[in-house]
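The values are calculated or read from the model by the stated rules, or taken from the named source; none is laboratory data. All of these numbers come straight from a predicted model, not from anything done at the bench. Every residue, glycine as well, gets a Cβ built from its backbone with ideal geometry; the counts of neighbours run over all protein chains shown. Quick note on the areas: whole protein, heavy atoms, side chains included, nothing else; ligands and nucleic acids left out. Shrake-Rupley method; radii C 1.70, N 1.55, O 1.52, S 1.80 Å.
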Amino acid sequence: NTADPRYQGARGAHGGMLPRLADTAAELRSCSREWRGRARLLTGADAGVRNVTSALATRPAVIHFATHIVSAGTNPSGMIALSLDGKGAMQLMGPVEVAARPITSGLVVLNGCHSAEGETLRGTGLMGLTRAWIAAGARSVVATRWDIPDEAGAAIMIEFYRALRARPAEGPAYALRQAQLKLLRDGRKDRKPLGESNPAVWGAYFVLGRES
């Protein structure tokens, strides 16, 4: 929001829309290290529609969003919150914009609260960001069913990429299962009532994809 010291644009009525997710930049860096691939990281003011669109045009193998997922107006489908524009208004990327931009990525990760939400249409099913990325060409999408704490979500994703790098041929579903099992075992050992070891946290994640 416009209270962020990194924001350099106009400060008006748009301020204070969403709280800052302080752990997301560190999440991107840590996941990139675990994946050990070339990465273009867009954070803060750099994570606007123009730069994100430019990055998607390079056909990355993995696309990872760590941000808020919001509803805009009467649209029940989730919208990816990007950085503010120069006037302090939030830039959004919704299912329509996603589906209209073909990609060849093997994996899209939507690490934000309720990233799998969408509108249920008769005879069609749930239409939201997950289906939009599949329609755009992604082979697999990792999304969440409910709210995810910022720090805990980052920890889950680090374990996910660690497992995916160790056995890439097994695919994202296998990697997510391995990450969830590790967190389950850690929770039983440490008896942590909160955090990423809580099933109410890691259980929110699932994989939708073209491949088993």
Region 36-72 scanned against label point 7 Å out from D85 along Cα→C-beta; backbone N under 14 Å for 48-51
Order by accessible surface, 1.4 Å probe, largest leading, for residues L82, L208 comes to L208, L82
Semi-axes a, b, c in Å (a largest) for region 25-92, each sqrt of 5 times a Cα gyration tensor eigenvalue, come to 23, 13, 12
